[in-house]
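**Q** Starting off with a structure, shown below.
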Amino acid sequence: MKSGSNLERILESGQFAVTGECGPPKGSSPKVVQKKGELLKSCCDALNVTDNQTAIVRMSSLSGCVILQGIGLEPVLQMVVRDRNRLALQSDILGAVALGVGNILCLSGDHQKFGNHPTAKGVYDIDSMQFIRMVKTMRDEHKFINGEEISGDVPLYIGAAANPFADPFEFRVTRLAKKANAGADFIQTQGIFDVARFAEWMKMVRDRGLHEKTHILAGLIPIKSVGMARYMRNNVSGLSVPKELVDRMADAKDAKEEGVKICLETIEELKDIEGVHGIHIMAVAWEDIVPRIVEEAGLMPRPVV
Amino acid sequence: MIVAERKPMEEILSMIEDANRILVLGCRGCTTVCCAGGPKEVQELATLIRMNRKQKGTTVETLEASNELQCEPQSVGPLLEKLADQFDVILSMACGAGVQTIVKSFPDVRVLPALNTNFIGMAEEHGVWTEVCVACGDCLLGRTAGICPMTRCAKQLLNGPCGGSMKGKCEISKDVDCAWQLIIDRLTRLGRLEVLEEIYPVKDWSAGWHRGPQKIVREDLTS
Amino acid sequence: MNNFEPLIAVFSCHYCSYAAADLAGSSRIQYPPNIRVIKIPCTGRVSVNHILKALECGADGVYVAGCLEGTCHFISGNFKAKQRVQYAKNLLSEINMEPERVQMYFMSAAEGAKFANVAKEMTETIRELGPSPLGQNKSE
Amino acid sequence: METELRIGVFVCHCGINIAGVLDIEDLCEYAGTLPNVVTVQPNLFTCAETGTSGIKNAVKEHDLNRVVVAACTPRTHEPIFRASCQEAGINPYFFEMVNIREHCSWVHRHDREAAQGKARDLIRMAVARAMFLEPIETFKSKVEPRALVIGAGIAGMSSALALAGEGFDVTLLEKKAEMGGLLRDLHKVAPSEVGAGELVEQKVAAIKQEGRIQCFTSATLEEVSGYVGNYSATFSSNGNTHTHKVGAIIVATGGAPLKPMGLYNYDGKRVITQSELETKLKSGKLDAKSIVMIQCVGARIPERNYCSRICCMVAIKNSLHIKEIAKDAKVFVLYRDIQAYGVENEALFLKAKEAGVRFIRYNLESPPVVGDGNVEIYHPAMGKEVPLPAELVVLSTPIVAHDDAESVSRILKVPVNEYRFFLEAHAKLSPLDFATNGIYLCGNAHYPATVREAISQALGAASRASIILSHDAIERVGTVARVDQELCSSCFACVKVCPYQVPHMDEGGKAMIEPMQCQGCGICVAECPAEAIQFGYVSDAQIMAACEALCA
């Protein structure tokens, strides 16, 4: 075992994993995190805690992780290279391990331009690929990025992101391969609305045997309204939302119900794609729908390994 | 070349508010080429300053001059040397390097920048310059098909495009090309795409940004 | 300021607008005597600094009069002039002067009446704006 | 060392044209107060003999070195006074003219006071400008009495023969293995009914007989340098490289009918082009009894939106030929609009209708559909789709520019439009000239043309070229821009803005403007950020002086 985390145990035992997401508040109250955690506790194997998502300042990811651990949840510590140089990244990682965190997701981060501090200086000292490799080296070789020894273990289960819908399409698989080689134990993908394109990507993934090197968790974003669908289609770079889906939401009598239906259909399709080892549900501001989705997708109760 | 542009007049005028004798000093190097601080722009700025004062009913004396390469102390020359002390302010239309060279040459004169030094760029077409180099001190163009991700990728990624790359454009703006798309296209064209399979190691910043002032010494050239 | 008589400098190209001015003359088309023509071979010869100089030296307004768009005797001179006039307007805004004091006009050699109308229009525009703060009329 | 400026001002009454409105005496008096003015003289008519000799005498008497005449428009009278200056022994460009007639007395007749003030201002501005006048010399450049004609189709051959007829040597380049161009494939030329082949053979024979024309076949133009009167053209022909010195160049590179690949089931057999039809007609191999012609195939569509102009006449001509061979043949012409301009073409159109050729209009929204042995067309009069019998379908495709037009354009530095047709300097003022002096164009290279039009253009271009070639040398006044290389920052601004692509970087990496090529517009002068380009004819100093003199 690399970290022995619940997520690792589930994935390594060949079970279909479910992860969720918890965005910390733009404030200092632990209650918000606890409330979200309670909602998702029974239906997720681990919960990502976002790191200043979309470059909007929030409570730190590490604190969120610790709060979740306090109520018995397993967190995935998200970390972006946008805000920390290699010193800060490494020291935070050591701190996280000291506080019992067992999973990490290594990201570039959304560009600061999109957030609430657009004039901030981006750090980008190292990139996400180098970040993954750095964590792996810390864990497996007990070495900092400069080659110096680390005292003690750094047992972390390492995750990375992948976006099958960004361009250039052909290179996306190469990039995934690089992440797997760099040390990503699991991958959480961008939200999937275009299953056909995702399946095409997965085929390329399998052709290169990458599904055996790393566990791919397919990303899902439940849609609450046609407005949200439209917004994601038009404004969110790196998302592929087919027009038919927007139309379907527009035509629906009950948009929320339709959103759940779409999500469930997608999960069914994803289950059939070879190499998909789980799902990652990003229900931004709609956390309370997750238990129902997991339930109706037939993924309850969550296994105990 | 170094690409600069004139500061807003409002800023320049407020800097020189209390000056009555102003030497507007252009540079015949980069800032002439990028049409920001050559003899023509010197004349333009001097005229605007005089017009502004005339509007206010006051006067100002301006002298317009340009030297060869303002970042070269030798290019100050005897004439300028003689003149400079007569002025309250030297308004430099060179890049930051030029301004500071003049500062060093004239310890007793206020030297002010009239330009913002923007970037190292190439002339895309007449009147259009784009940033292509950030002087990182550790050139990696040899591995990126001659396209600099340090300059042209908003996240300075070294291992391929982030998830925000769409249709060849960067997530920060539809007007900005995704540097990595360009790199991949060009490597494909050159038949060398496989170089991207390798994980590019972390960058050595010791010769680049945030590292304190740099100095290069060529022993064979120094006296 | 009823007695304000604007002083307007005109950069006029040899092939079109200067010829148009000649035609206005031989056709005896009357127009306000406020303009002073400076003849140049092509409006592409006019630089931003010439325009600024005229204003600095007291012109209440300046306009550049070139060939019709697309028919410049020197192919693209009037297009360059148009760009530079726009640039000069921006500069004026930067020092809080009315950009309308600088204009670009296009006319063919055969448009004597247009030359006269433009002179009239510009004189009216400047009369409305009032004397240039840099001009000789400002104290009136 | 500066010689003292001594300016003489001459104020013309122009009879009552000026004096009827302006007070000449006052103007003279005023001019006398201006700096460096040493003499002022009124004239009844400055341009009359008394006036010009007055100038010459005053130059001698007062040792003048600048002359200012306040009179009428320089556009007509400047040459007269410049000549007077020259005769008086001073550089003709030490002369400045003030227009107080067209620009003052004639246009401000009702406001004499203001007119008087304006005239004073104009004289003051001219005197100020005069102080900064620079001497300008003329220079000469030898003319090579040889022309280069690129393309030996009907236009190029006609140009070459015309020039040779005038006694000039001609280098004629043909990219194919033999001369003749597009005409080689055609049958007869309307409306004269001359055989296209005969016409070509006539011209080819004439060229072969003409000792002054050197024709190079299988030729490619490689490089051209120089300027009007003195170009150097390098080209290869059949494996050899040649360089010829030529004084003028005619571009007659022609065009070709579009191959309608993928359009209307084009197969070159049952669905053919008009030129393929002509080959059939020529060899007498046409046996189809029902023929449908479709016009505007690949033309006047969004991606190629021009009208090729000649295809309507080609269709009319060929349909008549078919009717001549087989009276009972059914011929339909499906068209969008008919171009049959001029008396003869209009007559042919009527003749075709009379001969039973059926013209049916279609529009882009419902184009004809080519089927097996028939063509379906929406008939506007019947309001429905009608099948037309069609043993043979003939597509009228536009003339398109050759692919190599672009390379010729680049080598000669002359422009092409978006469809790669060459672009003349001015559609009305100089339809056969390029903006670059000494280079001319004719025929299909410019735009689809009939044989007759191509020949007229060719003769016109030859005549334009002969104006240059007939001189031993070209005299050029130095009213041109010149780079002070010491000041040049090598920014390429002049290279990029010159509409004639004259400035270039020399071997030392500094800008260089060849005076023979410079057109004297001054665009680069105003653009140069280093103020490194001098323009003595209308210098910055002169313009600035005039501005400074705006206010008294």
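**Q** Quick check: residue separation of D:LYS289 and D:ILE325 times 0.36 nm, minus the Cα distance between them. What number comes out in nm? Mind showing how you got there, number by number?
**A** Numbers: separation 36, 0.36 × 36 = 12.96 nm, distance 1.04 nm.
Gain on stretching D:LYS289 to D:ILE325: 11.9 nm.
**Q** Would you mind getting me the FRET efficiency between D:ALA205 and D:VAL477? Use the beta-carbon distance for r and R0 = 51 Å, nearest 0.05.
**A** 0.70
**Q** Give me the one-decimal nm value for the distance between modelled label points at A:GLU170 and A:LYS35, 7 Å along each residue's Cα-to-Cβ direction.
**A** Label-label distance for A:GLU170 and A:LYS35, simple model: 5.0 nm.
**Q** Can you pull the one-decimal nm distance between simple spin-label points at D:THR50 and D:CYS551, each 7 Å off the Cα toward Cβ?
**A** So the two model labels end up 4.1 nm from each other.
**Q** How do C:PHE4, B:PHE119 stack up against each other in accessible area, from largest to smallest, with a 1.4 angstrom probe?
**A** Details: C:PHE4 0, B:PHE119 45 Å².
Largest accessible area first, the list is B:PHE119, C:PHE4.
**Q** Across the Cα atoms of the stretch A:1-128, what radius of gyration and what greatest pairwise Cα-Cα distance (Dmax) are found, in Å?
**A** In order Rg, Dmax, the Cα atoms of the stretch A:1-128 give 14.7, 46 Å.
**Q** Moving to a separate point now. If you take the accessible area of C alone, add that of D alone, and subtract the area of the pair, what total do you get in Å², probe 1.4 Å, to the nearest 100?
**A** It comes to approximately 3800 Å² buried between C and D.
**Q** Shifting gears a bit: Which three extents, in angstrom, do the Cα atoms of the stretch D:259-397 have along their principal axes, listed largest first?
**A** Extents along the principal axes: 36, 35, 32 Å.
**Q** Here is a further query. What is the calculated FRET efficiency for B:GLU197 to D:GLU222, with r their C-beta to C-beta distance and R₀ = 56 Å, to the nearest 0.05? Walk me through the numbers on the way to the answer.
**A** Working: r = 44 Å, r/R0 = 0.78.
After rounding, the FRET efficiency stands at 0.80.
**Q** Describe numerically, in nm with one decimal, the distance between label points set 7 Å from Cα along Cα→Cβ at B:ARG110 and at D:ASP267.
**A** Placing both labels 7 Å along Cα→Cβ, they lie 8.8 nm apart.
**Q** Once both axes come from the Cα atoms, what is the angle between helix A:128-140 and the longest principal axis of chain A, in degrees from 0 to 90, rounded to 10?
**A** Tilt relative to chain A: about 50 degrees.
**Q** Answer rounded, prolate or oblate for the stretch D:478-536, using the Cα gyration tensor with square roots of eigenvalues a ≥ b ≥ c: rounded when a/c is under 1.5, else prolate when a/b is larger than b/c, else oblate.
**A** Details: a/c = 1.37, a/b = 1.29, b/c = 1.06.
In terms of gyration-tensor shape, rounded.
**Q** Further question: Of B:ASP220, C:ASP60, A:ASP247, A:ASP167, which has the most accessible area with a 1.4 Å probe, and how do the rest follow in descending order? Before the final figure, lay out the partial values.
**A** Working: B:ASP220 105, C:ASP60 0, A:ASP247 60, A:ASP167 25 Å².
Ranked from most to least accessible, the order is B:ASP220, A:ASP247, A:ASP167, C:ASP60.
**Q** Then there's this: Which aspartates and glutamates, if any, have their Cα less than 14 Å from the Cα of D:LYS282, not counting same-chain residues under 8 positions apart?
**A** Once the sequence-local aspartates and glutamates are set aside, what remains near D:LYS282 is D:ASP185, D:GLU193, D:GLU198, D:GLU324.
**Q** Accessible surface of D:ASP540 in the full protein assembly, 1.4 angstrom probe, to the nearest 10 Å²?
**A** Counting only protein heavy atoms, the figure is 60 Å².
**Q** Using the Cα centre as the reference, give the magnitude of the dipole from point charges on the C-beta atoms of the stretch B:2-119 (Lys, Arg: +1; Asp, Glu: -1; all else neutral), rounded to the nearest 20 debye. Walk me through the numbers before you get to the answer.
**A** Values: 12 positive and 15 negative charges, 42 e Å.
With Lys and Arg at +1 and Asp and Glu at -1, about 200 debye.
**Q** Could you derive backbone 3J(HN,Hα) for the stretch B:4-20 from the dihedral phi with the Karplus parameters 6.51, -1.76 and 1.60 (θ = phi - 60°), listing whole Hz in sequence and x where the residue is Gly or Pro?
**A** 9, 9, 5, 5, x, 4, 4, 5, 4, 4, 6, 5, 9, 3, 9, 9, 10
**Q** For the stretch D:109-207, restrict the atom set to alpha-carbon positions and state the Rg and Dmax in Å.
**A** 28.5, 76
**Q** Given axes a ≥ b ≥ c from the Cα gyration tensor, I'd like to know whether the protein assembly as shown is rounded (a/c under 1.5), prolate (a/b larger than b/c) or oblate. If you can, show how the numbers build up before the last one.
**A** Values: a/c = 2.29, a/b = 1.31, b/c = 1.75.
Oblate, because a/c is 1.5 or more while a/b does not exceed b/c.
**Q** Considering only DSSP beta bridges where both residues belong to the protein assembly as shown, give the percentage that are antiparallel (nearest 5). Display every interim value, and only then the final one.
**A** Working: 56 of 167 bridges.
For the protein assembly as shown, the DSSP antiparallel bridge percentage is about 35.
**Q** Helix A:169-182 versus the longest principal axis of chain A: what is the Cα-based angle in degrees, 0 to 90, to the nearest 10?
**A** So the inclination is approximately 30 degrees.
**Q** So how much accessible area does B:TRP129 have, in Å² to the nearest 10, using a 1.4 Å probe?
**A** Per-residue accessible area (B:TRP129): approximately 60 Å².
**Q** For the stretch C:8-129, what are the per-bin percents of Cα-Cα distances with bins 10 Å wide, up to the bin holding the maximum?
**A** For the stretch C:8-129, the pair-distance distribution reads 15, 49, 32, 4, 0.
**Q** Something else now. Considering only protein heavy atoms, what is the solvent-accessible area of A:TRP201 at a probe of 1.4 Å, reported in Å² to the nearest 10?
**A** Around 0 Å² of this residue is reachable by solvent.
**Q** Give me a single rounded figure for A:156-169: the average over its residues of other chain Cβ atoms within 10 Å of their Cβ.
**A** For this peptide, the per-residue mean of nearby foreign Cβ atoms is 3.
**Q** While we're on this one: Straight-line reach only, C-alpha to C-alpha below 17 angstrom: list the aspartates and glutamates that D:LYS142 could link to, leaving out same-chain residues fewer than 8 apart.
**A** List returned: D:ASP169, D:ASP472, D:GLU475, D:GLU514.
**Q** Another one. May I ask for the Kirkwood hydrodynamic radius of the stretch D:7-136, worked out over all distinct Cα pairs and given in angstroms to one decimal? Walk me through the numbers on the way to the answer.
**A** Details: mean 1/r = 0.0708 Å⁻¹.
Kirkwood radius, the stretch D:7-136: 14.1 Å.
**Q** What FRET efficiency do you get for D:ARG452 and C:ASN117 if R0 is 45 Å and r is their Cβ-Cβ distance, rounded to the nearest 0.05?
**A** Working: r = 44 Å, r/R0 = 0.97.
With a Förster radius of 45 Å, E is 0.55.
**Q** Give the ranking of D:ASP169, D:ASP121, A:ASP207 by solvent-accessible surface, highest area first, calculated with a 1.4 Å probe.
**A** Numbers: D:ASP169 55, D:ASP121 25, A:ASP207 105 Å².
Highest to lowest solvent-accessible surface, that is A:ASP207, D:ASP169, D:ASP121.
**Q** Given the -39500 (n - 2.57) contribution per DSSP H run of 4+ residues, what per-residue ellipticity at 222 nm results for the protein assembly as shown, rounded to the nearest 500 deg cm²/dmol? The partial results should precede the final answer.
**A** Numbers: 38 runs with 414 residues, N = 1220.
Only helices count here, giving -10000 deg cm²/dmol.
**Q** In whole Hz, what ³J(HN,Hα) sequence does the stretch D:233-249 give by Karplus (6.51, -1.76, 1.60; θ = phi - 60°), x for Gly and Pro?
**A** Running phi through 6.51 cos²θ - 1.76 cosθ + 1.60 with θ = phi - 60° gives 10, 10, 8, 10, 8, 6, x, 9, 9, 10, 10, 10, 8, 9, x, 8, 10 Hz.
**Q** Using modelled backbone amide H atoms (1.01 Å from N, in-plane), which distant-in-sequence or interchain residues come within less than 5 Å of A:PHE186's amide H?
**A** Counting only residues 5 or more places away or on other chains, the set is A:ILE158, A:GLY159, A:ALA160, A:HIS215.
**Q** Oh, and also: State the volume of the convex hull built on the alpha-carbon positions of the stretch A:158-275, expressed per residue in Å³ and rounded to an integer. Write down the numbers at each step before the final one.
**A** Numbers: hull volume 10.9 nm³, N = 118.
So the per-residue hull volume is 93 Å³.
**Q** Rounded to whole Hz and in sequence order, give me ³J(HN,Hα) for the stretch A:66-75 from the Karplus expression 6.51 cos²θ - 1.76 cosθ + 1.60, θ = phi - 60°, writing x for Gly and Pro.
**A** 5, 4, 4, 4, x, 9, x, 9, 9, x
**Q** To continue, here is another question. Against the 2.2 N^0.38 Å scaling, with N counting residues, where does chain D land? I'd like the Cα-based Rg ratio to two decimal places.
**A** Working: Rg = 31.5 Å, N = 552, 2.2 N^0.38 = 24.2 Å.
Normalised by 2.2 N^0.38 Å, the Cα Rg of chain D equals 1.30.
**Q** Against the longest principal axis of chain D, how steep is helix D:112-130, in degrees 0 to 90 to the nearest 10, with axes from Cα atoms?
**A** 90
**Q** Hey, another quick one. Collect residues whose amide H, placed 1.01 Å from N in the peptide plane, falls under 5 Å from the amide H of D:HIS426; neighbours closer than 5 in sequence don't count.
**A** Residues meeting the amide H criterion: D:ASP433.
**Q** Would you work out the Kirkwood radius for the stretch D:448-514? I mean one over the mean of 1/r across all pairs of different Cα atoms, in Å. If you can, show how the numbers build up before the last one.
**A** Numbers: mean 1/r = 0.0653 Å⁻¹.
Evaluated on the stretch D:448-514, it is 15.3 Å.
**Q** P(r) for chain A, please, calculated from all Cα pair distances in 20 Å bins and given in %.
**A** In whole percents, the pair-distance histogram is 34, 61, 5, 0.
**Q** Which shape class, rounded, prolate or oblate, goes with the stretch D:233-275 when its Cα gyration tensor gives a ≥ b ≥ c as root eigenvalues, a/c under 1.5 marks rounded, and past that a/b bigger than b/c marks prolate? Mind showing how you got there, number by number?
**A** Working: a/c = 5.35, a/b = 2.86, b/c = 1.87.
The shape class here is prolate.
**Q** Could you sort out which of B:LYS54/B:LYS104; A:LYS136/B:LYS215; A:LYS31/A:LYS136; A:LYS243/B:LYS167; B:LYS7/B:LYS174 sit more than 29 Å apart by Cα distance in this structure? It would help to have the intermediate numbers written out before the result.
**A** Numbers: B:LYS54/B:LYS104 32 Å; A:LYS136/B:LYS215 36 Å; A:LYS31/A:LYS136 33 Å; A:LYS243/B:LYS167 17 Å; B:LYS7/B:LYS174 27 Å.
Pairs exceeding the cut-off: B:LYS54/B:LYS104; A:LYS136/B:LYS215; A:LYS31/A:LYS136.
**Q** Right, another one. Give me, ordered by chain and number, the residues 5 or more places off D:ARG361 or on other chains with an amide H under 5 Å from its own placed amide H.
**A** Under 5 Å from the amide H of D:ARG361 lie the amide H atoms of D:TYR335, each far enough along the sequence or on another chain.
**Q** Can you compute the equivalent ellipsoid semi-axes for the stretch B:2-119, i.e. the square root of 5 times each eigenvalue of the Cα gyration tensor, sorted largest first and rounded to whole Å? Don't skip to the end; give the middle numbers.
**A** On the way: eigenvalues 83, 56, 27 Å².
Ellipsoid semi-axes (Å, largest first): 20, 17, 12.
The values are calculated or read from the model by the stated rules, or taken from the named source; none is laboratory data. Just so you know, these numbers come straight off a predicted model, no measurement behind them. So basically every Cβ, Gly included, is an ideal-geometry build from the backbone, and we count neighbours across all protein chains shown. Surface areas here come from the heavy atoms of the whole protein model, side chains and all, with no ligands, DNA or RNA. Shrake-Rupley method; radii C 1.70, N 1.55, O 1.52, S 1.80 Å.
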